[in-house]
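For reference, the structure discussed in these notes is given below.
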Amino acid sequence: MKFRDRNMRALAEMVIGDAEYFTYRSSSYITHFFEECDLEYVHDGSTRWSWAVGVLTDLLAEPSPSSSILPNNFSRVLRVLLDKRDPSEGDEDRSLALAAMNIPLKREGFEVFYDENGIAQFRHVATRTISEVINPHRPFTPSELKKREQLTAYLGKCSEDELIEEVLLPLFRQLGFHRITAAGHKDKSLEYGKDVWMRFTLPTLHVIYFGLQAKKGKLDSSGVSKDGNANMAEIYNQVLMMLGHEIFDPEVNRKVLVDHALIVAGGEITKAARNWLGGKLDQNKRSQIMFMDRDDILNLYVTSSLPLPLGALPPPPTTQTGAWDDIPF
């Protein structure tokens, strides 16, 4: 990834404090700043802005999942610059510094904003992809726990199509998947065992194709499934169809086979169900199967900083008027 020279210089001047609303840093304080960012860069005494441009250029050139996601170390430096715990005079809430940083970033197709926790996040304007290191196993903040509860309630009442359209598609876009195509449930004959197919580009630029089969409820291996649950035997034939049927990728103008089958459940996927399917498939196909259950969806969705689906949002407060309010006096 590469930015224009004038935009890199503008960001470098924010690092060294030559830009308004940012703390001025001499040579030693520039080194301390990068130590705060957990980066081992030591200022060598050369021209401050030129040296900072070189460092930012190196950080921007580091590998990234896609062109719509800023490299981790680069976004970390900018995030520390906008830390609300370091206000400047006349800009206590850092809104002016935020606006100043958005000028060069928007020229490159990105924007920065403060999330609900007051942490600076970076978003690709065209794709709305947020540049953030996603760790679904980290401790959640109180606001994230509340968001998780709201999404849990939504998964319990949404339909299978809503699970795909409102939850899974935005999630996989945020995770860096491309060409995400949903088959829908109006024409079952066109699915060939998959609800969604998508592709992921590795850092080596090799492309891996995924087919996704989504079920709303719990996946089990019992002889008779309860209402709202799906039996793993029902998934078996769909997985075979998914792995054996070609898909047409219009970007490369050819048909390709699905490399991996991803089975996603809005409820729990029992261990017995996973073992049953593994026993039915041969060793080659077994290695192509991956599972995601409700906990995986919840953790990834919350840590991806995605907004809740409309159906998961609490209803707006209503104002109730009493009987006496309608009587004129």
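The values are calculated or read from the model by the stated rules, or taken from the named source; none is laboratory data. Quick caveat: nothing in here was measured; it's all calculated off a predicted structure. As a convention, Cβ positions derive from the backbone with ideal geometry for all residues, glycine included, and neighbour counts pool all protein chains shown.
Taking the conditions exactly as written (outside any helix (DSSP H, G or I), in contact (Cβ under 8 Å) with a residue 40 or more places away in the chain and touching a helix residue (DSSP H, G or I) at 6+ places or on another chain (Cβ under 7 Å)), does A19 satisfy them or not?
Spelling it out, A19 is indeed outside any helix (DSSP H, G or I), in contact (Cβ under 8 Å) with a residue 40 or more places away in the chain and touching a helix residue (DSSP H, G or I) at 6+ places or on another chain (Cβ under 7 Å).
Under the condition of being surrounded by fewer than 18 Cβ atoms within 10 Å (Cβ to Cβ) and out of contact with any Lys or Arg (no Cβ under 8 Å at 6 or more places or on another chain), which residue from region 257-275 is nearest to I164 (Cα to Cα)? Please lay out each step first, then the result.
Step one: filter region 257-275 for residues surrounded by fewer than 18 Cβ atoms within 10 Å (Cβ to Cβ), giving 257, 259-260, 268, 271-272, 274-275.
Subsequent filtering for residues that are out of contact with any Lys or Arg (no Cβ under 8 Å at 6 or more places or on another chain) retains 257, 259-260, 271-272, 274-275.
Working: L257: 22, D259: 20, H260: 18, K271: 23, A272: 25, R274: 21, N275: 25 Å.
Residue satisfying both the conditions and the ranking: H260.
Which numbered condition trips up E268, out of (1) farther than 16 Å from F172 by Cβ; (2) at pLDDT below 85; (3) touching a helix residue (DSSP H, G or I) at 6+ places or on another chain (Cβ under 8 Å)?
(2)
Pairs needed: first member in region 56-77, closer than 18 Å to M101 by Cβ; second member anywhere, of a type in the set (G, A, S) and outside any helix (DSSP H, G or I); C-beta distance under 7 Å; at least 6 residues apart or different chains.
Listed by first residue and then by second, the contacts come to I69/S131; I69/G176; L70/S64; L70/S131; P71/S64; S75/S131.
Considering region 45-64 alone, what residues qualify as being of a type outside the set (A, V, I, L, M, F, W, C) and buried (at least 18 other Cβ atoms within 10 Å of the Cβ)? Give the steps one after another, and end with the answer.
First pass over region 45-64, keeping only residues of a type outside the set (A, V, I, L, M, F, W, C): 45-48, 50, 54, 57-58, 62-64.
R48, S64, listed by residue number.
With the requirement that a residue be touching a residue at least 12 places away in the same chain (Cβ under 8 Å) and of a type in the set (F, W, Y), what does region 243-288 give you?
Across region 243-288, the qualifying residue is only W276.
Which of (1) at pLDDT below 80; (2) loosely packed, with under 14 Cβ neighbours inside 10 Å does S221 not meet, given it meets every other one?
If we test S221 against (1) at pLDDT below 80; (2) loosely packed, with under 14 Cβ neighbours inside 10 Å, just (2) comes out false.
In region 256-290, which residues are under 28 Å from the mean Cα position of the chain (by Cα), over 25 Å from K218 (Cβ atoms) and not in a loop (DSSP other than H, G, I, E, B)?
V256, L257, listed by residue number.
Does region 27-40 hold any residues that are in contact with a helix residue (DSSP H, G or I) (Cβ under 8 Å, 6 or more places away or on another chain), in contact (Cβ under 8 Å) with a residue 12 or more places away in the chain and farther than 15 Å from L78 by Cα, and which are they?
Within region 27-40, S27 is the sole residue that qualifies.
Do you know which of the residues in region 37-88 that are among the β-branched types (V, I, T) and not in a loop (DSSP other than H, G, I, E, B) is farthest from A12 (Cα to Cα)?
For region 37-88, the residue satisfying everything is V80.
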